[in-house]
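The values are calculated or read from the model by the stated rules, or taken from the named source; none is laboratory data. The structure displayed is predicted, hence computed values, not measured ones. Every residue, glycine as well, gets a Cβ built from its backbone with ideal geometry; the counts of neighbours run over all protein chains shown. To get the accessible areas, we keep the full protein, side chains included, count just its heavy atoms, and leave off ligands, DNA and RNA. Shrake-Rupley method; radii C 1.70, N 1.55, O 1.52, S 1.80 Å.
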Amino acid sequence: MKSVKIENLDWVTYKELTESGKSRIILPIGAIEQHGPHMSLNPDVLIPSHIGEQVAARGDNMLVAPPISYGYKSQVKSGGGNFFPGTTCVSASSLEHYVFDVLQAYVNHGNREFILINGHFENSMCLCEAADKLVNKCKSEGIGVKIYLLSYWDFISEATISKVFPDGFTGWAVEHGGVLETSIMLKLHPELVDMAKAVDVEPATFPPYDVFPPDPSWVAPSGTLSSPLKATAEKGELILEECISGILSHLN
Ligand code: ZN
Ligand code: MN
């Protein structure tokens, strides 16, 4: 595989590959967040990083930037909540400014097009804000910058959903630590998953509001919002292939 990770390049090669804005820069953004007792804290970082590397390797003139690992605060109804040990998050303004600064640095090198691959639901609007502000700032300076923003799960088709969830799909919101992420991690990093510790839970149901401070009793003690028990590496491979090829077909 050709080398697509910016962090592994020397500066001269990086300069050659990015001269006159000829490469698109993929930036994965994740979170450090509990995903149940059966899995490491980093699926939200590792999954978009892998997808980004594959997209860059198979696509034309793309490079992957080192991921942003810390994400916006885990919310009870999408990530289990910000109170679990190990869940280590930053505020919306910190994430927005950090992403803005990283993108600005790449713009300063001459890069003009970016693909942000989000792996943590809660990050979404912070990334919108960073992208919107950067594009507007650059525009006022006469610099044309284009930023694509996507969350990888939006590339999963109904056909794949029915294969991965033959018993019925309860929605992406409760997939935190469930079949989706566990299957992908079994494919990518089986050493970071221990299915012997996986806890069977019913898909979470929540009231139609949030409450602050968050109420830990809304979440199963294991921390996942649905059961990971039916996860398999084969399902993970199917999902990954669809996300990678889908992103390429839209953005290559
Ligand atoms: Zn996750
Ligand atoms: Mn998450």
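Pairs from the table (Lys5/Lys146; Lys5/Lys137; Lys73/Lys146; Lys197/Lys235) lying more than 23 angstrom apart at Cα are Lys5/Lys137; Lys73/Lys146. Ellipticity at 222 nm from helices only: DSSP H runs of n ≥ 4 in the chain, each -39500 (n - 2.57), divided by the residue count, give -12000 deg cm²/dmol. Candidate cross-link partners of Lys15 among the aspartates and glutamates, defined by an alpha-carbon separation under 15 Å and a same-chain spacing of 8 or more, comprise Glu7. For Thr205, the solvent-accessible surface computed with a 1.4 Å probe is close to 120 Å², ligands and nucleic acids excluded. Summing +1 for each Lys or Arg and -1 for each Asp or Glu among the other residues whose beta-carbon sits under 12 angstrom from that of Ala31 gives -3. The residues Glu96, Glu129, sorted by heavy-atom accessible surface at 1.4 Å with ligands and nucleic acids left out, run Glu129, Glu96 from largest to smallest.
Considering only Ala56, Ala159, Ala130, the mean-square fluctuation computed in a Gaussian network model of the chain, springs between alpha carbons under 10 angstrom, is largest for Ala159. For the pair Ile143 and Glu202 in one chain, pulling the backbone fully straight at 0.36 nm per residue adds 16.2 nm over the alpha carbon distance. Apply the a/c threshold of 1.5 to the C-alpha gyration tensor of region 203-251 and tell me whether it is rounded, prolate or oblate. Note, shape of region 203-251 comes out oblate.
Give the percent of DSSP beta bridges with both residues in the chain that are antiparallel, rounded to the nearest 5. Antiparallel: roughly 10 percent of the beta bridges in the chain.
Report the local net charge at Val145: Lys and Arg +1, Asp and Glu -1, summed over other residues whose C-beta lies under 12 Å from its C-beta. It works out to a net charge of +3.
The phi-based Karplus calculation (6.51 cos²θ - 1.76 cosθ + 1.60; θ = phi - 60°) puts the 3J(HN,Hα) values of region 38-48 at 9, 9, 5, 7, 10, x, 5, 8, 5, 5, x Hz, whole numbers, x for Gly and Pro.
Think of a 1.4 Å ball rolled over the protein heavy atoms: region 6-251 then has 45 Å² of accessible area per residue. Roughly speaking, to the nearest percent, how much of the chain's 1.4 Å accessible area is carbon and sulfur? That share works out to 55 percent. Counting only heavy atoms of the protein chains and using a 1.4 Å probe, Leu41 has close to 70 Å² of accessible surface. With every protein chain in place and a 1.4 angstrom probe, the accessible-area ranking of Glu175, Glu191, largest first, reads Glu191, Glu175.
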